[in-house]
Amino acid sequence: MSAALAEPVDAAQRMREILEKQRQAHLKDGPPSAEKRIEWIDRSIALLIGHKDAIADALREDFGHRSVEASLFTDVAGSIGPLKHAKAHLKSWMKREKRKVTPAILGLFGAKAYIEYQPKGVVGVISPWNFPFNLTFTPLAGIFAAGNRVMIKPSEFTPRCSELMARIFASAYDESEVAVFTGGADVGAAFARLPFDHLLFTGATSIAYHVQKAAAENLVPTTLELGGKSPVIVSDSADMALTAKRVMQGKTMNAGQICLAPDYVMVPEGKAKEFVHEAANAISAMFPTLKDNPDYTSVINQRHYDRLQGYLDDARAKGAEIVELNPAKEDFRQQPYHKIPPTLVLNPTDDMAIMKDEIFGPLLPVKTYKAVDEAIGYVNSHARPLGLYYFGKDGAEQEKVVTRTTSGGVSVNDVIMHVAMEDLPFGGIGPSGMGAYHGIDGFRTFSHPKAVFQQVGRDLTAMLRPPYGEGIRKMLAGSIKA
């Protein structure tokens, strides 16, 4: 049965025992067959399908309120897709990859070179609170496809989700295959210090420093999926109504609590009012009411609610114009949730907290620019983001934005959607992350690409052994030249 721990007292010892148990099982059984990997994936798909209602309920309870349909879309269907993709392709991914032999004459005599994609062994996964099921099950696609076993530490900020995960994984996997460990920061810190064969962390950049430092104690290779301030650059050629619909859909999904959520918008001078107007129309169409609307998700807890309100207070005090998109003019001061209406912050300046920190909520600063080079320069003068979004019909300008900025990924004429492309890698760069997964890139991240060279029986390399003679001198003369 899968292991779940609530008390940190003996958690570290128990986790070390399970890690050793998984490692020994991996060594004893050897690399699992394609059929075994598919079986592991099928079990995860069955868990998501069989517990979809319980998943939506747990998410709603942990968030105070979360849209059921949104949960089924992001955390259930959005997890099944990557698992099915891996299931369909893992046999081809597992194949040995032939490489050329050098010098080529060795190949003529039968020498071979190839890459053997080998399971790393035991992978640790630290998953976050914003999409607790998606950001646990989606990595399993690559982890299982690569033939690994896995230990999971879900977030303590979504305790019902974490408890449900521990329970359902225990019902489908032996703890030598999958083990879940619940608990607080102490358990998480002990988990990060384990000598895994690979560690995947999804969460805040501020926590990633500690995770990376802990992993370094055992030289554990890491994949860090972080976040940052993902910008939207709106071209003068953009369809403003469609742009606003897509931006506000991305900003209100999960109440903006998405690592890839559009963090601020840059529009041409003279078009800010048009964007505000169209954004208001988009919100009215999606959410005629907000406060008790089952489709509109709550901020996760009081701490994050207070943090977001603090951004608004700070921006207001420093001269920003605050535009609350609240179609029914509802009073949010008294509510059983932590809902915040979608809110635009106009004329933001870099001394405002909202322009320094990743927002992670339904607040959206709107800046203006004179020329696209100014917008590109602004993006490049700040930390490299996880995502970047360009809206427009100018092909040359699009190419300029895509090639002259550096981000984890890009969506053109949409936001966030590049993460849903199964055949594209998902990952950040610099402060927004390290490494990538999804699709074949996930398989390769969680595999060891072992280089294998098979020499021929004929002793073609005799000249390389002392005593050296004319043969090696001729070979060197032929090699050491332009």
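The values are calculated or read from the model by the stated rules, or taken from the named source; none is laboratory data. Treat the numbers as computed from the prediction; the structure is a model and nothing was measured. A quick note on method: Cβ atoms are made from the backbone with ideal geometry, for glycine too, and the neighbour counts reach across all protein chains shown. With ligands, DNA and RNA removed, areas are computed over all heavy atoms of the protein, side chains included. Shrake-Rupley method; radii C 1.70, N 1.55, O 1.52, S 1.80 Å.
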Legend entry - For segment 200-313, average projected area of the Cα convex hull in nm²: 9.7
Legend entry - Alpha carbon convex hull of segment 318-364, volume per residue in cubic angstrom: 89
Inset, instruction - May I ask you to evaluate 6.51 cos²θ - 1.76 cosθ + 1.60, the Karplus curve with θ = phi - 60°, for each residue of segment 51-59 and list the ³J(HN,Hα) values in order in whole Hz, giving x for glycine and proline? - result: 10, 4, 5, 5, 5, 4, 5, 5, 5
Legend entry - Quotient of C-alpha Rg and 2.2 N^0.38 Å, computed over segment 361-415: 1.12
Inset, instruction - First check a/c for segment 153-217, with a ≥ b ≥ c the square roots of the eigenvalues of its C-alpha gyration tensor; if it is under 1.5, answer rounded, and if not, answer prolate when a/b is larger than b/c or oblate otherwise. - result: oblate
Legend entry - Cα-based Kirkwood hydrodynamic radius, segment 3-134, one decimal, Å: 18.6
Inset, instruction - For each pair in Lys84/Lys245; Lys95/Lys450; Lys120/Lys213; Lys112/Lys450; Lys251/Lys339; Lys245/Lys356, compute the distance between the two Cα atoms and list the pairs where it is over 19 Å. - result: Lys84/Lys245; Lys120/Lys213; Lys245/Lys356
Inset, instruction - Bin width 10 Å, alpha-carbon pairs only: give the P(r) of segment 350-482 as whole percents, running from 0 to the bin holding the largest distance. - result: 9, 26, 22, 10, 12, 12, 7, 1
Inset, instruction - Two decimals is fine: what is log10 I(q)/I(0) at q = 0.09, 0.10 Å⁻¹ for the chain, from a Debye sum with one equal scatterer on every Cα and no solvent? - result: -0.67, -0.80
Inset, instruction - Please give the contour-minus-distance gain from Lys95 to Gln212: 0.36 nm per residue of separation, less the Cα-Cα distance, rounded to one decimal in nm. - result: 38.9 nm
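Assuming 0.36 nm per residue, please report the length gained on full extension of the stretch Asn281 to Ala353 beyond their Cα-Cα distance.
Taking Asn281 through Ala353 to full extension adds about 23.2 nm, to one decimal.
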Inset, instruction - Quick one: work out the % antiparallel among DSSP beta bridges in segment 286-401, nearest 5. - result: 50
Legend entry - Kirkwood Rh, Cα atoms: Rg over Rh of segment 299-392: 1.00
Inset, instruction - In Å and from the alpha-carbon atoms only, list the Rg and Dmax of segment 64-133. - result: 21.1, 69
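In segment 295-376, what trypsin sites (Lys or Arg not before Pro) fall in a loop by DSSP, with at most 16 other Cβ atoms inside 10 Å?
Lys318, Lys329, Arg333, Lys356, Lys370
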Inset, instruction - Measure nothing but the geometry: give the 0 to 90° angle between the long axis through the Cα atoms of 11-29 and the longest principal axis through the Cα atoms of the chain, rounded to 10°. - result: 40
Inset, instruction - Please state, to two decimals, what the Cα-based radius of gyration of segment 260-417 comes to when divided by 2.2 N^0.38 Å (N = residues). - result: 1.08
Inset, instruction - Compute the accessible area per residue over the chain, keeping the other protein chains in place, probe 1.4 Å, unit Å². - result: 44
Inset, instruction - Taking the chain as the reference, fit the longest principal axis to its C-alpha atoms, fit the long axis of helix 272-286 to the helix C-alpha atoms, and give the angle between the two in degrees, 0 to 90, nearest 10. - result: 90
Inset, instruction - Please work out how much length the chain gains when fully extended from Ala241 to Gln309, using 0.36 nm per residue of separation minus the C-alpha to C-alpha distance, in nm with one decimal. - result: 21.7 nm
Legend entry - Cα coordinate range in segment 124-274, projected on the principal axes (Å, largest first): 60, 33, 30
